[in-house]
Each structure stands twice: as structure tokens, then as C-alpha cells.
Amino acid sequence: MSASHYSLVAVKSEDNGNTWKWLSTVASHLTPGAPEECLMPSESSTVYLKNGSLFTVFRSGGGGKPLCSTMSHDDAKSWT
């Protein structure tokens, strides 16, 4: 399967999951400057850090590849 089929997005619900708002693309094959091993994101986990930033760690492509991570310092509007 092509990497173009993989994107990890941030969404938010403020009504207990009845509706969802798209916030941003966290990672995808189009992420500028992303390492090649992080271009097929899946199976993620995100936490708020004490400083208010969001930290996301995710698998990418399986097959023993290392985990990838990214951070947002603007409440999921952008990721680095």
C-alpha cells in the first residue's frame, strides 16, 4: 500500500463525542521535512504536557521501524 494512504489527524469534541471538529493534520506522507520512516503514521497516542504543549507518538509502517513523535505548541494548529 502506498504511503499516500496514511494520515494522522487531530480532532476535538466538546460535546462528549456527539460531534467532532477537525483541528489539523498531525503527520502524513506530505509532512515537510519528516524523516522517511515517519511517512506512514498510525496507532498514535497524544498527551498534554505540563507546559501546555501536545506530544504525539506514533508507529509508522510497522516492520520494526522506530516510533516517531511530534509536538504542537499552539493547541494542535501546527506540529513540529
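The values are calculated or read from the model by the stated rules, or taken from the named source; none is laboratory data. What you see is a predicted model, and the numbers here were worked out from it, not measured in a lab. Quick reminder, even Gly has a Cβ in these numbers, built from the backbone with ideal geometry, and neighbours come from all protein chains shown. Note: accessible area is taken over every heavy atom of the protein model, side chains too, but ligands, DNA and RNA are not part of it. Shrake-Rupley method; radii C 1.70, N 1.55, O 1.52, S 1.80 Å.
Odds and ends about this structure:
- Check: the stretch 14-80 dipole with +1 on Lys, Arg Cβ and -1 on Asp, Glu Cβ, in debye: 120
- Solvent-accessible surface of the chain, taken per residue with a 1.4 Å probe and all protein chains present: 69 Å².
- Note that the stretch 56-66 has calculated 3J(HN,Hα) couplings of 10, 10, 8, 7, 8, x, x, x, x, 5, x Hz, one per residue in order, obtained from phi through the Karplus relation 6.51 cos²θ - 1.76 cosθ + 1.60 (θ = phi - 60°); glycine and proline are x.
- In order along the stretch 33-46, phi translates into HN-Hα couplings of x, 6, x, 3, 6, 10, 8, 10, x, 6, 6, 9, 9, 10 Hz, rounded to whole numbers, per the Karplus curve 6.51 cos²θ - 1.76 cosθ + 1.60 with θ = phi - 60° and x for Gly and Pro.
- Residues with amide H under 5 Å from that of LEU23, placed H, sequence gap 5 or more: ALA10, VAL11, LYS12
- Listed values (i) 64, 20, 19; (ii) 37, 28, 22; (iii) 57, 23, 16, entry calculated as Cα extents along the principal axes in Å: (ii)
- Surface share of carbon and sulfur [accessible, 1.4 angstrom probe, percent] for the chain: 54
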